[in-house]
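Working notes, structure below.
FYI, it's all coordinate maths here, none of it is from the lab. On a predicted model such as this, the values are computed, not experimentally measured, just so you know. Backbone-built Cβ (ideal geometry, glycine too); neighbour counts: all protein chains shown.
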């Protein structure tokens with residue numbers, strides 16, 4: 001038997017002990033019970049918990065342990081916000097989990113018939129690695145300028161006007177609205193989603209009786225949580241640092257300090273003994289792989305068994321298609337079915353035997369690096385499930401001659417194609433639609449970051465749109481999982497021209513703020529309809545980020561804004577777009593410490609999109625700290641006037657001179 005196999009035997013025989021010691025050292029909270037009693041609310045289950053055991057869930061309810069079991073229970077939807085009364089909690093594994101609350105401020109506005117109720121901004125609890133919340137049973141309301149009254153009953157919308165709301169006309173979207181409707185709204189409208197009564201029919205007259213202040217948030221579990229539960233390994237729980245942990249189904253007794261110290265000593269001794277063996281074993285095995293298969297072989301990982309399946313029909317939890325099936329689905333990769341070219345492959349339209357429409361990515365090469373990207377994208381997408389992330393239907397075998405990935409088909413092209421590509425049409429991508437795109441993209445990225453994943457290739461070419469212009473973020477070949485205990489990873493810069501974080505390029509430090517920079521460029525594209533890189537522009541304006549900084553510093557934002565928005569003639573539009581530009585300005589700062597987080601970006605966009613900037617007095621409406629978002633971005637970051645005195649973000653010459661295509665930078669290191 002070769003020394004390599006002996007060393008691998010030592011490694012795997014030691015793994016259970018090492019994993020056991022690691023679990024104790026990381027402070028996993030396996031002592032959380034399956035449920036809690038919460039007085040009149042009844043039993044509550046994860047993701048809900050009590051404030052006394054706040055580390056056992058995502059949303060903690062106050063008052064569960066009160067001596068008076070009939071007392072009102074309350075919950076904080078966001079950190080630092082005000083408490084809301086809980087009316088109902090429904091949650092069991094296998095069923096949707098939801099929590100209903102009463103918003104007294106919103107109720108007061110509805111009872112008084114205040115027009116402010118129709119611009120009320122619902123704040124949803126933040127997403128996390130455990131899942132995300134959505135407002136259940138909501139309706140979309142568009143707040144438009146009065147001059148749009150000539151569009152009465154536009155495409156099935158119901159409008160509402162009142163002398164109490166002299167400057168606005170409101171459009172209520174019917175439940176079966178034609179997707180074309182969104183395209184018909186002009187850039188002077190803002191949109192909010194508000195809860196409606198479950199027992200009411202579609203709005204026919206008075207909106208204040210149609211809406212409700214009882215808001216129900218439904219929780220959708222993440223893929224990790226579902227897999228943790230369904231595989232029978234245990235329960236989805238936060239560890240002592242609030243990170244994801246799949247707890248044991250049995251509740252062990254909490255170890256004493258003495259036993260914990262002893263366990264750590266044993267772990268250190270084992271690590272000192274086994275560690276060198278692992279390193280030597282890896283070295284010998286990798287060298288053996290290289291000798292056997294050569295530098296251009298598929299991958300050394302292929303010499304190890306696939307833990308997911310023995311038949312190779314399932315890989316990382318997704319179906320494996322044969323090359324013949326996908327060849328048939330695309331009519332032998334017919335060039336007329338080509339949807340586009342990416343940095344690493346060509347995407348084709350196809351139809352599977354079961355009738356599903358799909359997009360099939362055919363990777364350009366089959367070498368070690370491509371297999372890494374292939375497996376990386378599969379692993380990332382099978383860990384996640386979100387309405388604004390593209391779904392992976394399957395792949396070919398990594399052992400095959402061709403590497404192909406099968407995604408859901410998203411039929412309406414990319415944001416880039418609608419902004420400055422072959423689908424660009426004046427007036428089609430209106431400002432409300434662009435705000436929707438910005439908010440949904442930020443939602444997806446905030447979800448990724450909550451799952452410790454950095455996308456690393458955020459750009460308008462990777463933001464897909466369906467028929468209703470809803471977002472699906474795609475292309476995770478470059479994505480990286482950021483370990484829980486680090487603030488960054490060191491890696492050679494990868495990404496697309498015009499979107500790469502300058503600090504990442506200079507210092508080789510990848511952080512979640514690198515995605516924030518890229519998203520800031522996307523915001524500038526939505527504002528300007530200009531591409532991120534355009535070599536026709538002046539040398540110092542080739543990168544859109546540089547051009548935007550230059551215009552903002554000179555007080556010439558109007559020269560950057562798409563003229564179809566009426567920026568100079570409509571003051572409401574001007575205020576909203578200026579607010580988005582200020583946010584984008586923060587995102588593209590050269591120093592990543594000056595950039596907001598994606599959660600903060602999302603919150604700011606929701607405030608802007610919900611009409612917070614429609615009039616100068618509205619900013620003060622949310623001071624109660626309730627569901628109305630009251631956190632101004634100026635409270636988190638330095639004011640724009642200060643930032644404008646900072647040095648423009650350096651854009652490496654290689655970004656403006658060498659890279660003239662839209663393809664992703666094929667860098668060697670990941």
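Taking 0.36 nm per residue of separation and subtracting the Cα-Cα distance, what length does fully extending residue 351 through residue 379 add?
On the way: separation 28, 0.36 × 28 = 10.08 nm, distance 2.40 nm.
Full extension from residue 351 to residue 379 adds 7.7 nm.
Just rank 530, 435, fewest to most, by other beta-carbon atoms within 10 angstrom.
530, 435
Summarise the long-distance tail of P(r) for segment 387-442 by giving the % of C-alpha pairs beyond 14 Å.
68 percent
Mind ordering 104-114, 37-47 by average Cβ neighbours within 10 Å, highest first?
The peptides rank, most packed first, as 37-47, 104-114.
What does the C-alpha gyration tensor say about the overall shape of segment 420-470? Classify as rounded when a/c is under 1.5, otherwise prolate if a/b is larger than b/c, or oblate.
prolate
Suppose R0 equals 41 Å. What FRET efficiency, 1/(1 + (r/R0)^6) with r the Cβ-Cβ distance, do residue 227 and residue 341 give to the nearest 0.05?
Once the sixth-power term is evaluated, E becomes 0.75.
Over all distinct alpha-carbon pairs, what is the Kirkwood Rh of segment 416-537 in angstrom?
Every distinct Cα pair counted, the radius reaches 15.0 Å.
Restricting to Cα atoms and excluding each atom paired with itself, what does the Kirkwood estimate give for segment 314-408 in Å?
Final number for the Kirkwood radius of segment 314-408 is 13.4 Å.
Per the Debye formula with a single identical scatterer at each Cα and no solvent contribution, what log10 I(q)/I(0) holds for segment 344-469 at q = 0.23 Å⁻¹?
At q = 0.23 Å⁻¹ the computed log10 ratios are -1.48.
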